[in-house]
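The values are calculated or read from the model by the stated rules, or taken from the named source; none is laboratory data. None of these values were measured; they are calculated from a predicted model. Glycine also receives a Cβ, built like all others from the backbone with ideal geometry; neighbour counts cover every protein chain displayed. To get the accessible areas, we keep the full protein, side chains included, count just its heavy atoms, and leave off ligands, DNA and RNA. Shrake-Rupley method; radii C 1.70, N 1.55, O 1.52, S 1.80 Å.
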Amino acid sequence: MKIGCPKEIKPQEFRVGVTPNAAREAVAHGHEVLIETGAGRGAGFEDSDYSEAGAHVVDTAEEVFATAEMIVKVKEPQTAERKMLREGQVLFTYLHLAPDPDQTHDLLASGCTAIAYETVTDDRGGLPLLAPMSEVAGRLAPQSGAWALQKANGGSGVLMGGVPGVRPANVAIIGGGVVGTAAARVAVGMGANVTVLDRSIARLSYLDDVFMGRLTTQFSDKGAVAGLLPDLDMVVGAVLIPGAAAPKLISRDQLSTMKPGTVLVDVAIDQGGCFETSKPTTHENPIYDVDGIVHYCVANMPGAVARTSTIALGNATMPFMLALADKGWKQACADDPHLLNGLNVHAGKLTYYAVGKALGIDVTSPQLVIKG
Ligand SMILES: NC(=O)C1=CN([C@@H]2O[C@H](COP(=O)(O)OP(=O)(O)OC[C@H]3O[C@@H](n4cnc5c(N)ncnc54)[C@H](O)[C@@H]3O)[C@@H](O)[C@H]2O)C=CC1
Ligand SMILES: CC(=O)C(=O)O
Ligand SMILES: [Mg+2]
């Protein structure tokens, strides 16, 4: 199969969808890999690394899209990229369709087959292609939030770890999954006073065991969140209902119950955000103020540490990319129900229920699609 990897064009996105190591494996499996010149540079990979791995370096994204049977990327295709997708072509990347009707309609109109990293599952109930980037974003969240807490950035001027005689920051993390756990590890390490809220008692029990008294766990309901808000310095939003639009857990009215300069870090922004006042921002302009509360809502946080993120993502996607290339998407999805869970769009049909529910679009069963 011809596998194509364009340079990412989302602002300040330095990751790349195919690493030289992944390209080498694909070539060893008999596939042809086309990579746009400079695509790996932001992650520390030169064109020569790809050439040595057996890939063909091409000059333009147009060439990649026109030639490749499968496009492997990182971020959801941008408008210019969506225009280049065609019927029969496979797209393997993050999509986050539930909060993004424009992209959804463009993908349906293109006729392509789009498999979303973030809805591929595993045997343990996890999301193996989201998890590596959630590990990164979770570790970054307290770091970015601590920067936003600084007075010059609009924050309240509270230091995460405090100093002897002055209390540390109070941090609440809503959602104790992969992002939440990684964020808790860093926030606790910085010396903050951390509370993690989740609706899964099993998850709270795990966190209680692992952190051995170094954080507080609390069941997440409206009353619990409202009760914490007046005393917090930072909230990290880290909830997920796979594929679905994120539930809104802090309303605009509630901002007035918080201290001026409190920081909200909405990691769940790629699924629409879990605070009513969240809207996506970029690394170029990551924060904004609503009613005196600082919002950090960067939808591609791992792009900031593109080297680490690219290698971590490439390690996770490679086996799935190879299965899709070796067998063709239909057989690969028929053989692996976890990969089939990644199928969001095929030939003008939406195939993921949570996205259909969020956007009011009819859904065709993915099982039916692969039999067709
Ligand atoms: N902004 C960015 O750059 C990135 C964003 N993300 C996003 O971060 C979010 C979290 O991802 P993961 O941690 O991997 O998901 P996960 O599935 O590991 O964890 C989500 C947790 O949220 C909990 N939850 C669901 N509803 C809740 C509620 N109402 N209150 C409290 N907890 C609730 C679940 O029980 C689960 O433990 C996702 O939206 C993901 O797409 C991930 C990576 C990068
Ligand atoms: C998960 C995601 O959207 C990202 O890593 O950018
Ligand atoms: Mg870019």
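Per-residue answers, yes or no, for (1) open to solvent by 60 Å² or more (accessible area, probe 1.4 Å); (2) more than 16 Å from ligand 1 (Cβ to nearest atom):
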residue	(1), (2)
12	yes, no
19	no, yes
41	yes, yes
46	yes, yes
54	no, yes
In the stretch 175-187, how many residues are outside any helix (DSSP H, G or I) and either in contact with a Phe, Trp or Tyr (Cβ under 9 Å, 6 or more places away or on another chain) or modelled with pLDDT under 95 (or both)? 1
Checking residue 141 against (1) touching a residue at least 40 places away in the same chain (Cβ under 8 Å); (2) of a type in the set (Gly, Ala, Ser); (3) in a loop (DSSP other than H, G, I, E, B), which test does it fail? (3)
Of all residues in the stretch 221-254, which are free of Cβ contacts under 8 Å to residues at least 60 places away in the same chain and part of a strand (DSSP E or B)? 250
Candidate set: the stretch 1-10, residues that are under 28 Å from residue 299 (Cβ atoms) and out of contact with any His (no Cβ under 7 Å at 6 or more places or on another chain); chosen: the one farthest from ligand 1 (Cβ to nearest atom): 4
Given the condition at pLDDT 95 or above, away from ligand 2 (no atom under 16 Å from the Cβ) and among the charged types (D, E, K, R), answer yes or no: does some residue in the stretch 303-325 qualify? no
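Results for (1) in the same structural domain as residue 219 (by TED's automatic domain parsing); (2) open to solvent by less than 30 Å² (accessible area, probe 1.4 Å); (3) among the charged types (D, E, K, R), shown as yes or no for each residue.
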position	(1), (2), (3)
98	no, yes, no
102	no, no, yes
105	no, no, no
112	no, yes, no
139	yes, no, yes
172	yes, yes, no
186	yes, no, no
Taking only the stretch 188-204 into account, find how many residues are open to solvent by 60 Å² or more (accessible area, probe 1.4 Å) and part of a helix (DSSP H, G or I). 4
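Yes or no, residue by residue, for (1) at negative phi; (2) open to solvent by less than 50 Å² (accessible area, probe 1.4 Å):
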position: 207; (1), (2): yes, yes
position: 225; (1), (2): yes, yes
position: 229; (1), (2): yes, yes
position: 234; (1), (2): yes, yes
position: 239; (1), (2): yes, yes
position: 243; (1), (2): no, yes
position: 257; (1), (2): yes, no
So which residues in the stretch 248-294 are more than 17 Å from residue 169 (Cβ to Cβ) and among the hydroxyl-bearing types (Ser, Thr, Tyr)? 251, 256, 257, 277, 278, 281, 282, 288
Of the residues in the stretch 286-307, how many are of a type in the set (Val, Ile, Thr) and within 13 Å of ligand 1 (Cβ to nearest atom)? 2
Inspect the stretch 338-350 for any residue being in contact with a helix residue (DSSP H, G or I) (Cβ under 6 Å, 6 or more places away or on another chain), without any contact (Cβ under 8 Å) to a residue 40 or more places away in the chain and not assigned by TED's automatic domain parsing to the domain that holds residue 178 and give the result as yes or no. yes
The condition from (1) of a type in the set (Val, Ile, Thr); (2) in contact with an Asp or Glu (Cβ under 7 Å, 6 or more places away or on another chain); (3) crowded, with 18+ Cβ neighbours inside 10 Å that residue 37 misses is numbered (3)
Test residue 74 against the criterion of being within 16 Å of ligand 1 (Cβ to nearest atom), closer than 25 Å to residue 130 by Cα and open to solvent by less than 10 Å² (accessible area, probe 1.4 Å), and give yes or no. yes
Single match in 290, 294, 265 (criterion: under 18 Å from the mean Cα position of the chain (by Cα) and hydrophobic (A, V, I, L, M, F, W, C)): 265
